[in-house]
Amino acid sequence: MPELTLQDVCVAHVGPINLQLKAGEIVCLSGASGSGKSLLLRAVADIIPHTGMTTLDAAAADSMPAPRWRQQVGLLPAENQWWLDDIGEHFPRQDTALLMGLGFSEASWQWQVARCSTGEKQRLALLRLLCNQPRCLLLDEPTASLDPENIARVEAVLRDYIAQHQAPVLWVSHAPDQIQRVATRHYRLQDGKLVPA
């Protein structure tokens, strides 16, 4: 069962952060804009320079190439990137059940990225992340651009994935009602420190 541990993690004005996430646990982070929530997720994903140690089970991030770490510890950034014209080209492994669970039809694999709304791109970016089957999830406001119906879809898909894979999750959210629905634990990031909320 995967467990994620942050030990003395520091990045910019954030830290040191010490946190242990058990398998299947959802830890929600909230805090003011600019408090460093996205920075912390990017540090845990080993995308930006930081100090301290992050481990998944017994394996430390610095013990393996960064791309291998990011396959296991998957980050969904607040702003997603698309580098090819068609949606389907971004998916080496297409999971149509997941696609439909997020409210799309099978024809959506053929869509051009340019025709998608912000909310559609957000749900498809989550699908792309889950199709890689990471063992741990770092979610930066995964439902920020979505209407209530699609928020419910995303939360249901994530709950199923987390339960099936027992993935530990760091989930940034500004929505108190969402935090109440999904969080095992909730912290505010304040003055660079985690404060139980």
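None of the figures in this text is laboratory data; all of them are computed from the coordinates on show. These numbers were taken from a predicted model, which means no experiment stands behind them. Backbone-built Cβ (ideal geometry, glycine too); neighbour counts: all protein chains shown.
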* Part-to-part distance (alpha-carbon centres) for segment 1-45 and segment 60-90, which is given in Å -> 18
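Report the full-extension gain for the segment M1 to A156: residue separation times 0.36 nm, less the Cα-Cα distance, to one decimal in nm.
Value of the extension gain: 53.7 nm.
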* Hey, what's the Kirkwood Rh for the chain if you take every pair of different alpha carbons, in angstrom? -> 17.1
* Grab the other residues whose beta carbon is less than 11 angstrom from that of K22, score K and R as +1, D and E as -1, and report the net. => -1
* Asked: What percent antiparallel are the DSSP beta bridges of segment 46-197, to the nearest 5?
  -> 45
* Asked: Taking the alpha carbon gyration tensor of segment 1-67, what are the square roots of 5 times its eigenvalues, largest first, to the nearest whole Å?
  -> 19, 15, 10
* **Gaussian network model of the chain, Cα within-10 Å springs - most flexible of Q71, Q94, Q180** => Q180
* To do: Report the longest stretch of the chain that contains none of the trypsin sites (Lys or Arg not before Pro) sitting in a DSSP loop with at most 15 other Cβ atoms within 10 Å.
  => 94-197
* Structure fact -> Taking N as the residue count of segment 125-182, its alpha carbon Rg divided by 2.2 N^0.38 Å gives 1.06
